[in-house]
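What follows is a single structure, written as structure tokens, with notes after it.
Each value in this text was obtained by applying a stated rule to the coordinates, not by laboratory testing. Quantities reported herein were computed from a predicted structural model and do not represent experimental measurements. Cβ sites come from the backbone with ideal geometry, for glycine too, and all protein chains shown count toward neighbours.
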Amino acid sequence: MPKPIARRTFLMTVVASGAALGTAARAQSMVDEKDAQATALGYVADAKRVDAKKYPKFAADQNCANCALYQGKASDKAAGCPLFAGRQVAGPGWCSAWAKKA
């Protein structure tokens, strides 16, 4: 007959498993520049490639990492953006919805 699992051991295993699943569930894919919404917003993963003629309001110091919509630290390589639910944008990227972070 198998040895019964102590309640404490069982609960610790459940909590640890839940934490691991929660981390995996939060992993987000990157926004593809060819995605319809990304194209509509002029998103590029590297602001150095912005077409300044097409987006005259673009300034060289603008990028996703210093945008008010960027949901990470300025030093993060990528983070979430509410415009692209469930996906991440590149920190050095840019789109036409850029707004100065307060």
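A few remarks follow.
- A crude spin-label estimate for the pair LYS100 and SER75, with each label 7 Å from Cα along the Cβ direction, gives 2.5 nm.
- Net dipole in debye of the range 29-90 [+1 Lys, Arg Cβ; -1 Asp, Glu Cβ; about Cα centre; nearest 20]: 120
- Fewest-first ordering of ARG87, ARG49 by other beta carbons within 10 Å of each residue's beta carbon gives ARG49, ARG87.
- Gain upon complete extension [LYS54, ALA68; 0.36 nm per residue less C-alpha separation]: 2.8 nm
- Local electrostatic count, ALA65, Cβ distance below 14 Å [Lys/Arg +1, Asp/Glu -1]: +2
- For the range 90-102, Karplus couplings with θ = phi - 60° (6.51, -1.76, 1.60), whole Hz, Gly/Pro x: 6, x, x, x, 7, 8, 5, 8, 3, 9, 4, 6, 5
- Gyration tensor (Cα) of the range 29-90, equivalent ellipsoid semi-axes in angstrom: 18, 15, 9
- Under a 5 Å amide H cut-off, with hydrogens placed 1.01 Å from N, GLN88 pairs with SER29, MET30, VAL31 among residues at least 5 apart or on other chains.
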